[in-house]
Structure formats: C-alpha cells, structure tokens
Amino acid sequence: MDRITLGSLASFCKRSMGVIPIIFRCALAGLALYSLWNEERFVLTLSLVSLAISFIARNFTRKYPGAGDWDLVITSLAFFHTFFGVGLNFYQRIPLYDKALHFSWAMFIGLSVWRTLLLFSWRGGRAIADQLSMLLLIPLVFSLGGLWEIVEFLIDQLVALPRLAQIDLCDTMCDMIANLVGAVFAAGLISVYLKKRALNRPLPWVRWVNLMLSGGKRHGY
C-alpha cells in the first residue's frame, strides 16, 4: 500500500471518527425507545446507563482533549455491549463475545488511561515516568472493571429486572480475568512503544492507535 493510499485512509479516519460516537448514541437512543415500546426494562435500563456514560465521556473529552478521545472509546464499547451484546443478544448467540469485549474494553481503556496520566502529570508540573504511568494503568483499569461489575450487581439487586446483568460468580470472575489480561496486554504494547521510541524506531501500528485514541487529532506522545 503506497503512501498516497495510506494518507487517504488516514484522512478518512480523521473525518469519520468524530461522527462515530454520534451514530452510536443515536443507535442507543433508538434501542431505548424500542425497548420502552416493547416494555423490555432490562434493555431500557442498560441503554439509558450506556447513554449517560457516553455523555460523561463526551464532556470529559471536550474538557481535556489532550487526554485522548474518551468519547470515541467509551461510546464504542458501550454500543457494542448494549446494542449488540444485549439488544441483539450477541452474548448468548456468539461464544466468548462477552470475554472478547471485556478484553477489548480493558486494552483500549488502558491505553486511554496511560495518555490521561501523562497529560495530568505534565499539566501539574510533575514528571511521572513513562514506566510508572504504564504500571499504574493496570490497577486503574482493573479497578474500573470491578466498578462496572458493581454497577451490574446493583442493577440486579435494585431494579429487579427479568434478566440478570451478572449470570453467576464464575461469569463475573471470568470477566475480571479478561479485564486483567486486556490491561496487561495494553501495558505490553506501551512497553514496546517506549522501547522503540527510545531507539528512534517508530512502529507502524502506533500511528493508527494514536490516531484512534485522539479522535483524529495528533498529539506528540
């Protein structure tokens, strides 16, 4: 693939990434209306929670654009969880869809957490080492995964829905393991990136990961 083709693809990605969260939010809103019409309280509740989380991520991205595009990452993950996983029942239809989503969630959140840690360390005038911020992302992502499991537990206990957000203890533990593996994988990617950067050997995939996490806006990380 020549440079012209790569440049055209990168330009297309820049233009489309700002639209993706909007499309996903519209789809989640449509799913909420559909579930309200069909009196599916479980899907309705998760759709509303996903929309709320998405708007929080959007506001954070607008306030701290240098931290990466949390709107794109969070909204995409919420969409694949609620719309496909719950709305279209991919969790039951496709084996390991749940675990693959947890792994992807932890990996992309881990990369975003790393970018955010670097941003706030620079803004605060404190030079947090790259290696330290890389290690901090693992417990932070694992804690966020645990927080999500707590949210699912509270939904089951307080809303009294016909379907359970948490199937059983084994399912919850497998989700946490997938989160941990994804966070470690993200830390591994960052470690490889830091080593190559120190040797002035850029990696091709770093450009695309950085482009996606920044929502098409380049930052010198």
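The values are calculated or read from the model by the stated rules, or taken from the named source; none is laboratory data. Quantities reported herein were computed from a predicted structural model and do not represent experimental measurements. Every residue, glycine as well, gets a Cβ built from its backbone with ideal geometry; the counts of neighbours run over all protein chains shown.
Before moving on, here are some points about what is shown:
- Subset of region 27-54 (residues that are buried (at least 18 other Cβ atoms within 10 Å of the Cβ), without any contact (Cβ under 8 Å) to a residue 60 or more places away in the chain and not β-branched (Val, Ile, Thr)): Leu28, Leu31, Ala32, Ser35, Glu40, Leu44, Ser47, Ser50, Leu51, Ser54
- The single condition from (1) under 16 Å from the mean Cα position of the chain (by Cα); (2) under 25 Å from Ile138 (Cβ atoms) that Leu96 fails is (1).
- Of residues in region 168-190 being of a type in the set (Gly, Ala, Ser) and within 11 Å of Leu111 (Cα to Cα), the one surrounded by the fewest Cβ atoms within 10 Å (Cβ to Cβ): Gly188
- Unique residue being modelled with pLDDT of 80 or more and either among the hydroxyl-bearing types (Ser, Thr, Tyr) or under 29 Å from Gly18 (Cα atoms) (or both) when the list is Gly124, Gly220, Gly182: Gly182
- Residue in region 73-88 that is without any contact (Cβ under 8 Å) to a residue 60 or more places away in the chain and outside any helix (DSSP H, G or I) present: yes
- Looking across region 142-179 at every residue that is acidic (Asp, Glu) and touching a helix residue (DSSP H, G or I) at 6+ places or on another chain (Cβ under 7 Å), the one that is modelled with the highest pLDDT is identified as Asp175.
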